[in-house]
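Below is one structure, written out as structure tokens; the observations come after it.
The values are calculated or read from the model by the stated rules, or taken from the named source; none is laboratory data. This structure is a prediction, so every number in the text was calculated from the model and none was measured. Here the Cβ positions follow ideal geometry from the backbone for every residue, glycine too, while neighbour counts run over all protein chains shown.
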Amino acid sequence: MFRMKDLSFPILPKAITAITSMANDIRICDKCKHMKVNSSLKKLGEMVPDAEVKVGCKSYCGPCARYAFVFINGRYVTAPTEDEVLVKASKHVKRK
């Protein structure tokens, strides 16, 4: 016979841990004229060592033509220069 008190939920703590320790989603455009991909990758690697940065067109061409930008954890962060956008993006990094 099935009884509710016999159930244990060992998955629940793991599920909560998985949700709170999600990796950062960082993306940059390789066609952006305001950012250099190699230097951006190096700076992002120093800022968030465990992040995997995805490089490719983000179809954000209007603002991309005018500003440097980083897509980080669901947000487009823009600024006039590469260094400024990386400083602004650092505020949106998920910390452990």
Inset, instruction - Kindly indicate whether any position in region 3-26 is of a type in the set (Gly, Ala, Ser), within 19 Å of Asp83 (Cβ to Cβ) and modelled with pLDDT of 60 or more. - result: no
Inset, instruction - Consider only pairs whose beta carbons are under 9 Å apart and that are at least six residues apart or on different chains; among these, list those whose first residue lies in region 80-96 and is in a helix (DSSP H, G or I) and whose second residue is among the charged types (D, E, K, R). - result: Glu82/Lys36; Glu82/Lys43; Asp83/Lys43; Leu86/Lys43; Ala89/Arg75
Inset, instruction - Tell me, please, whether a residue that is within 13 Å of Met35 (Cβ to Cβ), touching a Cys at 6+ places or on another chain (Cβ under 9 Å), among the hydroxyl-bearing types (Ser, Thr, Tyr) and crowded, with 18+ Cβ neighbours inside 10 Å can be found in region 64-76. - result: yes
